[in-house]
Structure formats: structure tokens, C-alpha cells
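Let me begin by handing over the structure; questions about it come next.
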Number of protein chains: 2
Amino acid sequence: MKNFPAPARFVGIAALCLAATHASASDAAPESAVDLAQHGADPAWSIVEDLTTEIGPRMAGTEAEAAARRWAIARLQALGFANVREEQFDLPVWVRGEEQAWLTGPFQPQKLAVTALGNSASTGSKGIEGDIAYFESFDALAGASDAKVKGKIVFIDNQMKAAQDGSGYGYYGRGRFTGPNVAAKKGAIAIVIRSIGTDAHRNPHTGVTNFDPGVKPIPAGAISNPDADQLARQWKRAVAVTQPEPLHMKLVLTPQNLGTKHSGNVIAEVPGSDPAASPIIVACHLDSWDLGTGAIDDAAGCGIITAAAGHVMKAATPRRTIRILWAGAEEVGVFGGKAYFETHGKEKHAAALESDFGADRVWRIDFKLPDSAKPVADRIAAAVMPFGVVRGKQPAGGGADIGALVQAGVPAIDLQQDGTRYFDVHHTPDDTLDKIDPMQLRQNVTVWAATLAILANSTDDELP
Amino acid sequence: MKNFPAPARFVGIAALCLAATHASASDAAPESAVDLAQHGADPAWSIVEDLTTEIGPRMAGTEAEAAARRWAIARLQALGFANVREEQFDLPVWVRGEEQAWLTGPFQPQKLAVTALGNSASTGSKGIEGDIAYFESFDALAGASDAKVKGKIVFIDNQMKAAQDGSGYGYYGRGRFTGPNVAAKKGAIAIVIRSIGTDAHRNPHTGVTNFDPGVKPIPAGAISNPDADQLARQWKRAVAVTQPEPLHMKLVLTPQNLGTKHSGNVIAEVPGSDPAASPIIVACHLDSWDLGTGAIDDAAGCGIITAAAGHVMKAATPRRTIRILWAGAEEVGVFGGKAYFETHGKEKHAAALESDFGADRVWRIDFKLPDSAKPVADRIAAAVMPFGVVRGKQPAGGGADIGALVQAGVPAIDLQQDGTRYFDVHHTPDDTLDKIDPMQLRQNVTVWAATLAILANSTDDELP
């Protein structure tokens with residue numbers, strides 16, 4: 001989808017006028033936020049391009065993430081936001097080391113494209129070798145006897161399928177989220193999974209995994225989809241002969257735990273005209289995995305929410321404050337979101353929204369609002385409809401960094417993005433600027449600007 | 001293009017009947033080669049799948065290439081070909097080492113996806129650091145003063161564009177073929193080029209480069225297109241400020257020259273019925289670059305020519321012998337093709353053809369035949385037309401491994417394939433089995449079978 005209907009902005013303006021009854025009056029008729037988002041400068045693109053170019057990868061707790069925070073503070077100040085600040089917190093830091101893997105027999109030895117999962121143990125620099133225990137799926141591993149796993153390198157083969165709503169991530173992702181924990185408990189010496197990704201390139205997908213307390217972490221990696229295809233083909237050939245031979249792997253992963261380090265949330269605000277009104281919080285995350293430059297995950301999200309809030313600010317001072325949260329250390333365990341909740345969880349928030357699903361267009365809006373806010377939801381749904389956004393029938397779920405707030409009862413809205421392409425590059429070296437479609441990025445900003453303008457001008461009868 | 005016209009095979013049969021006047025008679029009416037290729041077993045796919053799975057990468061002069069030759073001999077014998085043999089030759093062997101690169105300033109340090117070009121010198125394990133000398137194109141480098149290059153790491157930024165006939169390779173490829181030689185002569189300490197490729201993935205494209213005699217090789221690498229975009233963006237930012245700063249790079253490439261090693265050509269034949277008739281030679285290459293499994297380059301070519309020759313053999317003994325050449329050591333300097341010419345160049349060959357451009361469909365046929373062979377060309381053009389193959393107006397050029405034969409006057413036919421996707425994965429880790437479209441692979445085999453059946457039954461009045 002490359003074009004969005006131009007006349008739509010007039011509908012957006014009408015919706016904003018309906019919503020703006022509580023906005024502070026300005027002498028000249030203000031341009032609407034939607035109009036600015038559609039036709040003004042493009043700060044969303046600038047944020048994504050500049051952050052990914054000048055900082056690049058920004059792994060939680062590293063100097064690169066600290067550099068990104070300094071960059072973020074300077075940028076948010078330059079854009080005219082108020083109360084720009086850093087709120088520091090600590091976290092345990094894990095960093096990648098050497099990463100190599102080979103299929104070593106019974107066929108000609110072949111190198112695989114492998115990457116360690118976050119929290120993987122180290123194999124030591126000499127690596128480990130072992131026979132592969134092949135499982136078609138996470139469920140097959142979970143149901144296997146310890147005897148099938150003990151002393152082996154587990155492989156989970158399930159292949160994630162692309163879906164517009166990205167819903168395969170939860171199902172297939174179990175192989176990464178808890179596969180290593182299950183394999184470790186059954187006595188595996190290591191685990192290698194097929195990447196949780198939908199592409200066919202030799203760039204494996206990383207991501208965090210977690211071991212239960214008391215379970216000793218094992219080396220845990222992901223291989224790319226073409227490498228997993230290769231392993232599966234070799235497996236079938238090795239076991240399909242009269243005298244089956246084990247498939248053999250060598251694995252070298254040398255990640256390190258660096259202990260406790262600092263990270264931080266960067267916060268900025270569009271100050272509302274009514275100091276008694278509770279704020280709207282909008283979140284993205286500033287940290288990224290180390291393999292790519294974190295363009296779709298999540299420079300795009302920061303660009304979208306910040307540009308949208310900026311357009312609202314420029315159009316007319318809203319009644320409620322819009323608080324922008326660029327969370328730190330999301331990828332490795334939502335440390336920034338948790339830290340925000342610890343500091344601010346007891347404050348009243350009118351609503352929470354998050355953008356952390358790339359830069360492709362918003363296609364559905366889901367609400368989880370109190371009954372009193374039905375008129376707000378109706379106004380927003382009407383304002384975003386012209387941009388191709390349909391109203392969902394299921395409640396909004398929030399997102400990682402606003403998760404604790406939403407769990408605590410803060411109203412939420414999800415602007416659901418098209419995730420068909422998202423898991424092609426998610427957590428890979430391929431998460432780079434060229435994967436972002438500027439037209440779809442702009443549609444996000446427009447839809448967000450319309451949503452925020454209405455939300456930030458909602459009444460105290462409508463939202464808490 | 002996923003479907004090819006089914007009724008076409010009847011036209012193919014008619015053409016074969018016209019051409020088969022010299023074929024040895026068989027008691028039962030033989031299925032035509034085209035019919036077999038369209039509807040029989042699929043040995044082309046098996047060759048590609050088995051070779052890439054069981055052997056994988058097979059760099060010239062290595063044990064992996066020797067294993068591939070053993071595999072090839074066993075497979076060609078199993079397929080029923082005659083005179084299966086290896087013809088050994090020697091070559092100097094270069095192998096890849098460690099490969100890393102970083103943009104180290106003036107921005108936050110960032111790692112690049114880099115690979116060494118064949119014949120690159122080593123930086124030593126500690127690597128080298130230097131300022132980048134940026135050039136938009138090979139021509140810009142060629143025209144630059146030595147002062148602009150001396151002591152620097154040269155970068156050539158030109159971005160290859162996809163074309164159906166792959167013709168951009170010659171133009172843009174100069175940056176790889178001779179860019180390092182030019183940079184070395186001007187005093188550069190190293191060179192890094194934008195990959196000669198048309199994709200947007202962080203898998204750099206390798207390939208051979210050559211230094212003139214007397215020119216001391218320098219370290220020479222390629223970075224992926226997204227990395228080249230990043231370097232170019234940083235370059236523009238670094239020089240666009242009031243006080244321009246140099247863009248700084250660290251480069252570690254530790255390839256080695258291993259001295260003289262063995263390689264070999266694998267040869268097999270479909271024996272013709274007329275021992276006095278000169279043979280048709282069909283070529284592919286068995287070696288591959290080390291980064292991928294050499295599926296499109298050139299397991300596919302070997303699968304295509306071998307399956308086609310097999311179909312001709314199965315349909316009816318042809319008058320002329322078809323000689324199949326799986327050349328060794330093509331990628332690193334066409335050593336196999338040259339060795340074949342040294343051994344067999346003085347023998348008469350009726351015609352030479354090569355398949356070394358992936359597995360996508362044949363769309364044009366070009367001829368370079370003596371005038372006497374016009375009826376042969378007409379019969380072939382009529383036979384392949386129903387499969388979507390148009391007749392070209394330019395002379396066939398041959399290919400790398402038959403290059404010396406064609407230069408010496410052997411008639412040639414080019415079955416030109418669609419190269420639009422070819423340079424997305426050419427010489428990258430992404431050259432893997434999943435990139436091959438089985439339907440298009442089969443169209444190749446069909447077109448080749450029709451062509452070979454007619455060629456191998458041509459008269460001595462038509463071809464030498």
C-alpha cells in the first residue's frame with residue numbers, strides 16, 4: 001500500500017474540531033495535527049534515519065545505548081518538548097561473543113549462520129560437539145523423554161509463518177522463549193533453534209530466552225531458515241538409511257554476563273493546558289538488538305509517537321499532557337517499562353499506547369477503555385477510518401513497556417500495524433533503514449496524531 | 001512465471017522428429033527428450049538438492065571440491081552416462097580467513113557485514129585502520145589523483161541495478177574486477193567496495209579480483225548494500241558540516257594463499273551412434289564460492305545440462321556424442337575451462353553451450369553458428385519457442401568455461417536465462433537451495449533437451 005487517500009485529512013480535521021472543545025483557544029485558526037502530519041515536515045523519518053545512522057545498534061546497558069540516550073535527549077529538546085529527562089535504572093548485562101556452528105557429519109562439514117540467544121551460556125572458546133536431537137516443534141520437545149535429549153544438542157525445527165497481525169510469534173516463539181529452559185531441564189548440552197522468523201536469508205534471528213531459577217543455562221542459539229532447511233534435509237538423509245547415523249554439530253558461542261550496568265528511560269512531554277488533568281502516555285523503546293541498527297525495532301516506533309505528539313503540540317496546546325517514553329532495555333527483559341512503572345505506576349494516567357511493531361501501516365484500532373470513554377473511542381475510530389484503519393472487536397492488549405500500567409488498569413489503545421513483513425527482519429542484521437517504507441511510516445504518524453489529539457483533549461468525565 | 005504451456009511439448013516432438021533423421025532407430029517408438037523432460041523424473045532438482053545438501057560449499061582446490069568431484073563421478077555413473085572420468089589440473093589456492101570491519105568515527109562505532117574478495121591480501125590479525133576515500137563509482141576512482149587515495153581505505157559506492165539480461169554485471173562489476181588493482185596502484189592501504197549485487201540484505205557478495213603483475217595486492221573486501229548505504233550516509237554527514245571530519249574504518253581480513261593444489265574437471269558422455277561425428281560439449285561448473293552452498297551458482301547449471309543430456313540419451317541414441325563438462329575451479333579464474341581447452345582444444349567440437357546463470361527460465365536463444373547450420377538454428381528456434389523462448393538477433397557469446405573453445409571458433413549457442421533475481425544472491429551466503437524455483441528449473445531442462453536433441457542429430461553438412 002503506497003498511497004493513502006488525500007481527502008481524508010478533511011475528515012480528520014472535522015473529528016479534531018469535535019474533540020478540541022477543551023483545547024486552549026489560539027488567536028489564529030490552528031492547522032490540525034493531522035494536517036501537519038500529512039503535509040508538514042517528517043520528523044519521524046529524521047528520527048529513524050539519524051538514530052540508526054549516527055548511533056546504530058544500541059544494546060541495553062552498553063555504551064552505545066548510553067550514547068543513544070544522549071542523542072535522544074538532544075533531539076527531543078531540539079524538537080521543543082518540555083521536561084526532557086533521563087530516569088536511570090540498573091540491569092544485568094549480557095553481551096554476544098564469537099558465534100560459529102558447523103554440521104560436521106555424516107556429510108561434508110558445512111558452516112551454519114548462527115547467533116546466540118540473549119542469556120545463552122557460553123560453550124567456551126573451544127566450543128562443544130554433540131549429536132543432534134531433532135524435534136519438529138516445541139511441543140515435540142516438551143513431550144520428549146529425558147533420554148532422547150540428555151547429552152545432545154537439541155534442534156527445534158518449527159517454521160514461523162507470516163501473518164498480518166504477527167500472531168505466529170507467540171506460538172512459534174515458544175521455541176525461543178522457553179525451548180532452551182525445557183532442553184536444559186532434560187539434560188541437553190546445548191540447543192539450536194530454527195530462527196523465529198519468516199524470511200529465507202542467512203541472517204539468524206536473535207532474541208532473549210529465559211531459564212527458570214535453579215536451571216543452569218546452556219548454550220542456546222538460532223540458525224537462519226536456509227540453514228535450518230539444510231539441517232532438516234541432512235537429518236532426514238541420515239536417519240532414512242538402513243543404518244542411521246547421528247547428525248553431528250560443533251557449536252561455538254562465547255557470550256558473557258557483564259554484571260550490573262546502567263540503562264535509562266528518556267522522557268519528554270507536551271505540557272497540557274490543564275495541570276490537573278492526568279496525562280496520556282505513549283511509549284516506544286530506544287534500545288535495540290546488536291545485530292542490526294534497530295530501524296524497525298524500534299527507532300520507527302520512537303519516530304512515530306514523537307512525530308505525532310509533536311504535530312499535536314504544534315497544532316494547539318492539548319488539555320492533557322502527552323508524556324513520551326523512550327524506554328531503555330526493552331529487548332532484554334522490559335527493564336525500562338518496569339522501571340517506569342516502579343517510579344510512576346501510582347500516578348494517574350488517562351491512557352497508554354505503544355508503538356513497537358515496525359513501520360508498516362496501521363490497519364486496525366483496538367480499544368480497552370472505560371465505558372465512560374465510548375464517545376472518545378467513537379471519535380477516534382471516525383478520525384482514523386479514512387486512513388484505512390478498521391475498528392477491532394477485541395480489547396487492546398497494550399505493549400511490553402506499558403504492560404505493567406495496563407495490567408494495573410490504565411486504559412489502552414492499540415494501533416495495530418501490518419506485521420506481514422515484520423518477522424522477515426525482526427532481531428536480525430537486516431533490521432536497517434532501507435526496510436522502512438516512508439509512505440507507510442507517515443500513515444502511522446497521521447493515525448497517531450489523530451488519535452493523540454482526540455485523547456489529549458478528552459474530558460475528565462470520559463477518561464480518568 | 002510459474003506455468004509453461006503444456007501443448008508445447010507436441011511442437012517439441014514434431015521438431016525432434018524433423019531433427020532425428022540420423023538417430024539410430026529403436027524398435028518401440030521412443031518418448032521424445034522433451035516429453036521426458038516435461039513429464040519424467042526430475043534429475044536436475046535431485047542433482048541440485050543432493051549436491052548442495054551432502055557437499056555444500058565447494059571452494060576450488062579444497063577438500064570440499066574434491067569431495068564434490070567424488071560425489072559427481074558417482075552420480076554421473078549412477079545416471080548411466082559413459083566415460084565418466086576426472087581430469088586433474090593444478091591451481092594456486094586462496095582461502096578466506098577472519099572478516100570484520102567497523103566504521104569507527106566520527107560517529108558511534110558500528111560493525112559492518114564484510115567479506116574478502118578472492119585474491120585479497122591480508123590485513124594481519126590486528127587489522128588496519130584508516131580514513132576513507134569515498135568514490136561514487138569505479139570511474140571516479142580511476143580518474144582520481146594519487147593524492148586523494150594514498151594511505152587511505154578506498155570505498156567505491158556504485159549500486160548495481162537488476163536487469164533481465166544481467167548486463168549490469170560488466171559495468172558495475174569493474175569496481176570488483178579491477179577496482180582493487182587501481183586503488184593499489186594509487187597507493188591505497190586497502191579497498192572496500194559496495195557489493196556487486198542487487199539485494200538489500202546484510203550478506204556481502206564475494207568474487208575474485210586480480211592485481212596486475214608487479215602490483216602488490218592490498219586487502220580488498222565488499223560490504224553489503226545496507227552497510228554501503230550506511231557508510232554513504234555517514235560520509236555525507238561527516239563532510240557536510242562546517243569542519244569536515246574524516247570517516248574512519250577498521251578492517252580485519254586474514255585470507256591466506258595456500259600455494260598450488262589440485263582441482264579437476266569431471267567429464268561424462270552420452271555416446272553418439274556415429275563415432276566419426278564430432279561431439280557437442282555442454283558445460284557447467286562444479287566448484288562454488290565458500291559462503292553459500294552454490295545452488296544457483298552453479299549446481300543448477302550442472303543439474304540442467306545433465307538432466308537434459310540424460311533425457312536425450314533415454315529418448316533415443318543421438319548421432320553425435322554429447323560431452324558433459326562439470327568444470328572445476330571456475331570461480332577463482334576459469335582454471336577448469338582452460339585445462340579442458342589445453343587437453344581437448346585441438347579436437348573437433350560441433351558446438352559448445354554452457355549453463356551458469358542460475359535456475360530461472362530461459363527467455364532468449366542466441367546463436368553463433370556457421371552459415372551451413374542455419375537449418376539447425378531454425379529447427380531449434382522453432383522447438384524452444386513454445387516454451388517462451390524468443391530468438392535473439394545478436395551472436396551467442398558462450399560462457400566462461402567454454403570461452404577458449406568459442407574463441408577458437410567452436411560454434412556456440414546461448415540459452416539466455418532471466419537474470420533479474422540472479423544478482424540478489426550471487427556469491428553470497430544466500431546462494432542456497434530455497435532460492436531455486438522448481439518450475440523454472442524444469443523449463444530450463446526442457447529447453448535444453450530440445451536444443452541438445454536437435455544439435456546432437458545434426459548432419460556433418462550442417463555443423464563441423
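The values are calculated or read from the model by the stated rules, or taken from the named source; none is laboratory data. On a predicted model such as this, the values are computed, not experimentally measured, just so you know. Note that we place each Cβ from the backbone using ideal geometry, even for glycine, and neighbour counts take in every protein chain shown.
May I ask you to list the residues in the stretch B:195-239 that are within 9 Å of chain A (Cβ to nearest Cβ) and among the acidic types (Asp, Glu)? Break it down into steps so the answer makes sense when it comes.
Within the stretch B:195-239, the first condition is being within 9 Å of chain A (Cβ to nearest Cβ), and the residues that meet it are B:199-203, B:224-227, B:229-230, B:233-234, B:237.
Those that are within 9 Å of chain A (Cβ to nearest Cβ) and among the acidic types (Asp, Glu): B:Asp199, B:Asp227, B:Asp229.
Separate question: Do we have B:Gly80 as buried (at least 20 other Cβ atoms within 10 Å of the Cβ), modelled with pLDDT of 95 or more and either in a loop (DSSP other than H, G, I, E, B) or within 12 Å of another protein chain (Cβ to nearest Cβ) (or both) here?
On the way: buried (at least 20 other Cβ atoms within 10 Å of the Cβ): no; modelled with pLDDT of 95 or more: yes; either in a loop (DSSP other than H, G, I, E, B) or within 12 Å of another protein chain (Cβ to nearest Cβ) (or both): yes.
Considered against the rule, which asks whether it is buried (at least 20 other Cβ atoms within 10 Å of the Cβ), modelled with pLDDT of 95 or more and either in a loop (DSSP other than H, G, I, E, B) or within 12 Å of another protein chain (Cβ to nearest Cβ) (or both), B:Gly80 comes out as no.
Name the one entry in A:Ala329, A:Ala383 that is at positive phi and touching a Gly at 6+ places or on another chain (Cβ under 6 Å). Spell out how you get there, then give the answer.
On the way: A:Ala383 fails: at positive phi.
Testing whether each residue is at positive phi and touching a Gly at 6+ places or on another chain (Cβ under 6 Å) leaves just A:Ala329.
Additional query: Would you call A:Thr459 closer than 30 Å to A:Glu99 by Cβ, among the polar types (S, T, N, Q) and part of a loop (DSSP other than H, G, I, E, B)?
Values: closer than 30 Å to A:Glu99 by Cβ: no; among the polar types (S, T, N, Q): yes; part of a loop (DSSP other than H, G, I, E, B): yes.
No.
Condition test on B:Gly388, is it within 30 Å of B:Gly292 (Cα to Cα), assigned by TED's automatic domain parsing to the domain that holds B:Gly294 and surrounded by fewer than 19 Cβ atoms within 10 Å (Cβ to Cβ)? Please lay out each step first, then the result.
Details: within 30 Å of B:Gly292 (Cα to Cα): no; assigned by TED's automatic domain parsing to the domain that holds B:Gly294: yes; surrounded by fewer than 19 Cβ atoms within 10 Å (Cβ to Cβ): yes.
No.
Answer yes or no as to whether B:Val192 is assigned to a strand (DSSP E or B) and either among the aliphatic types (A, V, I, L, M) or within 14 Å of chain A (Cβ to nearest Cβ) (or both).
Yes; evaluated as a whole, the condition is true for this residue.
Looking only at residues that are assigned to a helix (DSSP H, G or I) and touching a residue at least 40 places away in the same chain (Cβ under 8 Å) in the stretch B:127-141, which one is surrounded by the most Cβ atoms within 10 Å (Cβ to Cβ)? Working first, answer last.
First pass over the stretch B:127-141, keeping only residues assigned to a helix (DSSP H, G or I): B:138-141.
So of that shortlist, the ones also touching a residue at least 40 places away in the same chain (Cβ under 8 Å) come out as B:138, B:141.
Details: B:Phe138: 22, B:Leu141: 27.
Among them, the one singled out is B:Leu141.
Can you pull out every residue in the stretch A:146-177 that is among the aromatic types (Phe, Trp, Tyr) and more than 15 Å from A:Pro246 (Cβ to Cβ)?
Step one: filter the stretch A:146-177 for residues among the aromatic types (Phe, Trp, Tyr), giving A:155, A:169, A:171-172, A:177.
Scanning the stretch A:146-177 gives A:Tyr169, A:Tyr171, A:Tyr172, A:Phe177.
Would you point out the residue of the stretch B:195-245, among those that are more than 25 Å from the chain's Cα centre (by Cα), small (Gly, Ala, Ser) and farther than 22 Å from A:Asp290 by Cα, that is surrounded by the most Cβ atoms within 10 Å (Cβ to Cβ)?
This residue is B:Ala238.
So, one more: Restricting to the stretch A:53-68, name every residue that is more than 12 Å from chain B (Cβ to nearest Cβ) and either in contact with a Gly (Cβ under 7 Å, 6 or more places away or on another chain) or β-branched (Val, Ile, Thr) (or both). Before you say what the answer is, go through the steps one by one.
As a first pass, look at the stretch A:53-68 and keep what is more than 12 Å from chain B (Cβ to nearest Cβ): A:60-61.
Passing the criteria: only A:Ala60.
Also, quick follow-up: I want to confirm something. Restricting to the stretch B:83-105 and keeping residues that are of a type in the set (Val, Ile, Thr) and within 14 Å of chain A (Cβ to nearest Cβ), which single residue is farthest from A:Ile55 (Cα to Cα)?
Step one: list which residues in the stretch B:83-105 are of a type in the set (Val, Ile, Thr), which gives B:84, B:93, B:95, B:104.
Going one step further and asking which of them are within 14 Å of chain A (Cβ to nearest Cβ), we end up with B:95, B:104.
On the way: B:Val95: 34, B:Thr104: 11 Å.
Checked the stretch B:83-105; the qualifying residue farthest from A:Ile55 (Cα to Cα) is B:Val95.
Consider A:Trp363 against the criteria (1) within 25 Å of the chain's Cα centre (by Cα); (2) farther than 22 Å from A:Gln407 by Cα; (3) not in a strand (DSSP E or B): it satisfies all of them except one. Which criterion is unmet?
Exception for A:Trp363: condition (3).
From the set of residues in the stretch A:276-291 that are part of a loop (DSSP other than H, G, I, E, B) and of a type outside the set (D, E, K, R), which is surrounded by the fewest Cβ atoms within 10 Å (Cβ to Cβ)?
Of the residues in the stretch A:276-291, the ones part of a loop (DSSP other than H, G, I, E, B) are A:276-279, A:286-291.
With the extra rule that they be of a type outside the set (D, E, K, R), the set shrinks to A:276-279, A:286, A:288-289, A:291.
Details: A:Ala276: 8, A:Ala277: 21, A:Ser278: 18, A:Pro279: 22, A:Leu286: 29, A:Ser288: 29, A:Trp289: 26, A:Leu291: 22.
It comes out as A:Ala276.
Being of a type in the set (Phe, Trp, Tyr) and either surrounded by fewer than 19 Cβ atoms within 10 Å (Cβ to Cβ) or without any contact (Cβ under 8 Å) to a residue 24 or more places away in the chain (or both) is the filter here, so list the residues in the stretch B:90-126 that pass it.
Residue satisfying the conditions is B:Trp102 alone.
Within the stretch A:362-375, can you find the residues that are closer than 25 Å to A:Asp418 by Cβ and surrounded by 20 or more Cβ atoms within 10 Å (Cβ to Cβ)?
At the first step, the residues of the stretch A:362-375 found to be closer than 25 Å to A:Asp418 by Cβ are A:362-369.
Listed by number, the residues that qualify are A:Val362, A:Trp363, A:Ile365, A:Phe367, A:Lys368, A:Leu369.
Can you tell me which residue is nearest to the chain's Cα centre (by Cα) among those in the stretch A:292-320 that are surrounded by 24 or more Cβ atoms within 10 Å (Cβ to Cβ) and part of a loop (DSSP other than H, G, I, E, B)?
Here the residue is A:Gly294.
Could you please tell me which pairs satisfy a Cβ distance under 6 Å, a separation of 6+ or placement on different chains, a first residue in the stretch A:398-416 that is at positive phi, and a second residue that is crowded, with 19+ Cβ neighbours inside 10 Å?
Pairs found: A:Gly398/A:Val406; A:Gly398/A:Ala412.
B:Val192 versus (1) crowded, with 24+ Cβ neighbours inside 10 Å; (2) over 16 Å from B:Ala140 (Cβ atoms): which is the lone unmet condition?
Exception for B:Val192: condition (2).
Of everything in the stretch A:42-52, what is buried (at least 24 other Cβ atoms within 10 Å of the Cβ), within 13 Å of chain B (Cβ to nearest Cβ) and within 17 Å of A:Arg70 (Cβ to Cβ)? Give them in sequence order. Steps first, please.
Pass one, the stretch A:42-52, residues buried (at least 24 other Cβ atoms within 10 Å of the Cβ): A:44, A:47-48, A:51-52.
Subsequent filtering for residues that are within 13 Å of chain B (Cβ to nearest Cβ) retains A:48, A:51-52.
Hits for the stretch A:42-52 are A:Leu51, A:Thr52.
Would you check if B:Ile73 is within 13 Å of another protein chain (Cβ to nearest Cβ) and β-branched (Val, Ile, Thr)?
Working: within 13 Å of another protein chain (Cβ to nearest Cβ): no; β-branched (Val, Ile, Thr): yes.
Criteria not met by B:Ile73.
A quick yes/no check of all residues on (1) touching a Leu at 6+ places or on another chain (Cβ under 7 Å); (2) over 28 Å from B:Pro226 (Cα atoms):
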{"residue": "A:Ser278", "(1), (2)": "no, yes"}
{"residue": "A:Leu286", "(1), (2)": "no, no"}
{"residue": "A:Asp297", "(1), (2)": "no, no"}
{"residue": "A:Ala309", "(1), (2)": "yes, yes"}
{"residue": "A:Thr317", "(1), (2)": "no, yes"}
{"residue": "A:Trp326", "(1), (2)": "yes, no"}
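State all residues of the stretch A:294-308 that are out of contact with any His (no Cβ under 8 Å at 6 or more places or on another chain) and under 24 Å from A:Ala408 (Cα atoms); if no residue qualifies, say none. Full working, then the answer.
Going through the stretch A:294-308, the residues out of contact with any His (no Cβ under 8 Å at 6 or more places or on another chain) turn out to be A:294-295, A:299-300, A:303-308.
A:Ile305, the sole residue that qualifies.
Just to be sure I understand, how many residues within the stretch A:375-411 are of a type in the set (S, T, N, Q) and either closer than 17 Å to A:Ala308 by Cβ or out of contact with any Asp or Glu (no Cβ under 8 Å at 6 or more places or on another chain) (or both)? Give the steps one after another, and end with the answer.
Step one: of the stretch A:375-411, the residues of a type in the set (S, T, N, Q) are A:394, A:407.
Next cut, either closer than 17 Å to A:Ala308 by Cβ or out of contact with any Asp or Glu (no Cβ under 8 Å at 6 or more places or on another chain) (or both) only: A:407.
So the count comes out to 1.
Checking B:Gln108 against (1) in contact with a strand residue (DSSP E or B) (Cβ under 7 Å, 6 or more places away or on another chain); (2) within 13 Å of chain A (Cβ to nearest Cβ); (3) at pLDDT 95 or above; (4) closer than 23 Å to B:Ala232 by Cα: exactly one of these is not met. Which one?
(1)
Please give the number of the condition A:Thr343 fails out of (1) closer than 15 Å to A:Glu87 by Cβ; (2) of a type outside the set (Lys, Arg); (3) more than 14 Å from the chain's Cα centre (by Cα); (4) buried (at least 20 other Cβ atoms within 10 Å of the Cβ).
(4)
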